[in-house]
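Engineer: This is the structure, below, for whatever I ask next.
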Amino acid sequence: MRILVDNELLEFTEDELAWLYMDAGNESLVYQYRDEALKIYNFRCTKYRLVEEEALKLREIATKRILLPSRIIRNPDNGEFVGYTTKLIKKASITGIIRMKMGDFMSELDILRSDAMLLADHNVDLEDFNLNNTAYNGKIYFVDLQTIKIYYI
């Protein structure tokens, strides 16, 4: 597989892709590359997902726990937008959230609320909050925002 991540050409063999593979959803395949998660669209998906213009706008918003696009992934042959990268969060068991001290849990919720309010200020509508889109590594993150919609006012 060949992809262009911003201006960096990356080439992976099938064996390398198998090694880098992290997860798959309806919208994309997710691979680990250095400190990033590469979210590459599954083109059989008919569900709404981010388009390049939205990904470019979202990467300008500095959230702390809601992971937004950081780099754009394109097909190097035709320049077509095929996905984006986010910060890589190594998941621990979600049950760790249950074991958090209440003060720490409330602090995490405050950070997530601040992120949500920041996105609302930028006319971004959040959807799909569920455990499958949550990562926990001592902190709580929302990692799958391909169903976010941006409203232009």
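Engineer: Yes or no: Asn26 open to solvent by 80 Å² or more (accessible area, probe 1.4 Å) and in contact with a Cys (Cβ under 7 Å, 6 or more places away or on another chain)?
Structural biologist: yes
Engineer: Name the single residue, out of those in the range 30-42 being touching a strand residue (DSSP E or B) at 6+ places or on another chain (Cβ under 8 Å) and more than 11 Å from Val82 (Cα to Cα), that is most open to solvent (accessible area, probe 1.4 Å).
Structural biologist: Asp35
Engineer: Return the pair list, or none, for Cβ contacts closer than 7 Å from residues in the range 84-102 that are surrounded by 10 or more Cβ atoms within 10 Å (Cβ to Cβ) to residues that are hydroxyl-bearing (Ser, Thr, Tyr) and in a loop (DSSP other than H, G, I, E, B), at least 6 apart or on different chains.
Structural biologist: Within 7 Å, the pairs are Thr85/Ser70; Thr86/Ser70; Lys87/Ser70.
Engineer: What's the total number of residues in the range 34-93 that are out of contact with any helix residue (DSSP H, G or I) (no Cβ under 9 Å at 6 or more places or on another chain), aromatic (Phe, Trp, Tyr) and either closer than 23 Å to Leu112 by Cβ or modelled with pLDDT of 95 or more (or both)?
Structural biologist: 1
Engineer: Can you name every residue in the range 53-80 that is more than 11 Å from the chain's Cα centre (by Cα) and either open to solvent by 50 Å² or more (accessible area, probe 1.4 Å) or polar (S, T, N, Q) (or both)?
Structural biologist: Passing the criteria: Glu53, Leu56, Lys57, Glu60, Ala62, Thr63, Lys64, Arg74, Asn75, Asp77, Asn78, Glu80.
The values are calculated or read from the model by the stated rules, or taken from the named source; none is laboratory data. On a predicted model such as this, the values are computed, not experimentally measured, just so you know. Quick reminder, even Gly has a Cβ in these numbers, built from the backbone with ideal geometry, and neighbours come from all protein chains shown. All accessible areas refer to the heavy atoms of the entire protein, side chains included, with ligands and DNA or RNA removed. Shrake-Rupley method; radii C 1.70, N 1.55, O 1.52, S 1.80 Å.
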